[in-house]
Structure formats: C-alpha cells, structure tokens
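Here the structure is laid out as structure tokens; the discussion comes afterwards.
The values are calculated or read from the model by the stated rules, or taken from the named source; none is laboratory data. Note that the structure is a prediction, hence the values are computed from the model and not measured. Every residue, glycine among them, receives a Cβ derived from its backbone with ideal geometry; neighbour counts consider all protein chains shown. Accessible surface is based on the protein model in full, side chains and every heavy atom, while ligands, DNA and RNA are left aside. Shrake-Rupley method; radii C 1.70, N 1.55, O 1.52, S 1.80 Å.
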Amino acid sequence: MLAFVIDADNLCAAASVEEAFRLLEAEVGPVGWRRAYGSAENLRHLSDVLKLHLVRPFLNMSLSKNTTDVALAVDVMELSYQSPCPATIAIGSGDADFVPLVVRLRERGIRVICVSERGKMAAEAVDAYDDVMFVGEDASPDAALDDSATSTPAPAPKAAVKKASVKAAPAKKAATKKVPAKKTAPVKSTAASGQVKVQQILSAVPSLKAGNEHSLGEVVKALHDHKLLSKTGSSTKLFSKFPHHFELMPSKQPNRVRYILPPT
C-alpha cells in the first residue's frame, strides 16, 4: 500500500497537489491512504482537489505555534505500526522538520518519498529520502536545488586612461599569430552523464556482492555519496536498467534490493 500525507501549509497549491497524485500513481502505484494536515485557510483553499481525490482533511489546533508538522508525524508513526503497514509513504512537503520522521520510517524498512513544490525543497532534507519528486512551477530562478550553479559576475568596467599631451610615435610590434586555446569539455559526474555501470554500483556497495537483500534506502545513500545517483534521481529506475543483475523487492513498491549472483 502507498500512503500519501500532505502538509497543506507547505504543499498548498491545488495544481501541485493534483500533479502530485498523477506522478505518484504513474510512477509508484495506487494511493490507498490519503490525508492532508493544515490550517483552516489552507485546507479550505484545497477543498476541491482534496474532495476530488477523497483526501481526509485534518485541521491543526489553533495555538500560538503551528501544530501541523507534529500532528502529521504522530499519525504517520502510528500508521507505520499498523498491520499491514504501507510499503511506501509519500510526504507532501519540502520542510526539513520531517527528516527525523523520515529516518525513523526508513529504519523500519519503509520506503519514503518526498513530493515538494519547486523552490520549497530544503537542501539538507534531500538525502534523507529514497526519492524526491518535484511539482508545480518554480517561483524564482534562484530557488533551483543545485549547489553547483553559480552566477558569473559582470566584468568590472575598465578605468579610463588619460592621454598624454605629447604623443610619442608608437613602436612597431612584430606580428604574432594567435593560437586559439583549446576548449576542454566540462567534466560531468557519473550520475549526470547516465553512464552508471553494474560494477560501479557494486564498488559503491561492496556488501551487495554476497547476494543478500539490502535496504533500498541504505543502498541509495551510498549511491548518492559516490555520485552514482543524483539527488533527484529515481533509484528504482536505475536498478530497472539492469534486470539481470539486480532484483527489487517487492516488485510493485520496492524497499529492498538484491544483487543476482552470476551462475557458477
């Protein structure tokens, strides 16, 4: 079962919630457990899309501090101890406050996906999730999640040079042929170039070579550390490229992976 919980104070655009359901159902599977937590104003703003997708709204308590995050976390942890518990939980929020919850769920063997609006994803929270899906339009060009992108400063204006009152005859310079400098191609990371090999995966996670089952979350973290999987890349799509070498379990909503030993 796939559970989708929405922080309506963060994922608060109706179009983004609609897009989130389309992405999850297309790439993960049917959403069975659906809840939205937020203020009265935000839940009212999302009332049409929540009604369309049969999402149960939960109003946070009107206190001096926002209680949405805690209410969502408490219900999700309670859900994780039910039987049967969901194989995958998607959290509709880019808030870093949910990282402790995500870590605890992954320790219980549950696959956790983040669905965040572009520009709202906390950079320090990306590696906590098994997968991250982005929805909506980026409100500002500076909000993209890419630490390597840096703007090029504009060249400083050249200082004006005063001409001398007496002009001297310029000395003749010997003609020299300019040799254009060779341009070097930018070095791309393995994840960006899409050339990940089976041996690179096994080198990043040597324990896979034994053929035992591994938590997909632990393997994904190692792939992130070795730059074999981008922060927004899909681990299931990566392993699906090598069906004769890796097995994802269960097949519909995997949270474990196993290396298929070659026949002896």
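General observations
- Taking packing as the residue-averaged number of other Cβ atoms within 10 angstrom, the listed peptides 8-16, 53-61 run from highest to lowest as 8-16, 53-61.
- Whole-Hz couplings from phi, Karplus 6.51/-1.76/1.60, listed for the stretch 210-215; x for Gly and Pro: 6, x, 8, 6, 10, 5
- Principal axis extents of the C-alpha atoms in the stretch 1-142 (largest first, rounded to whole Å): 34, 34, 31.
- A protection proxy built from the mean count of other Cβ atoms within 10 Å ranks the segments 34-41, 103-110, most packed first, as 34-41, 103-110.
- Placing pseudo-labels 7 Å out from each Cα toward the beta carbon at Arg258 and Asn212 gives an inter-label distance of 1.3 nm.
- Applying 1/(1 + (r/R0)^6) with R0 = 22 Å to the Cβ-Cβ distance of Asp75 and Ala123 gives a FRET efficiency near 0.25.
- Summary of packing: across the peptides 71-81, 239-249, the per-residue average of other C-beta atoms within 10 Å ranks them, highest first, as 71-81, 239-249.
- Heavy atoms of the protein chains alone define the surface here; on that basis the stretch 43-108 has 59 Å² accessible area per residue at 1.4 Å probe size.
- Placing pseudo-labels 7 Å out from each Cα toward the beta carbon at Arg108 and Met61 gives an inter-label distance of 2.2 nm.
- Whole-Å distance, taken between Cα centres, linking the stretch 210-264 and the stretch 2-54: 29
- Distant-in-sequence amide H partners of Val115 (H built 1.01 Å from N, under 5 Å): Ile91, Gly92, Ser93, Met133
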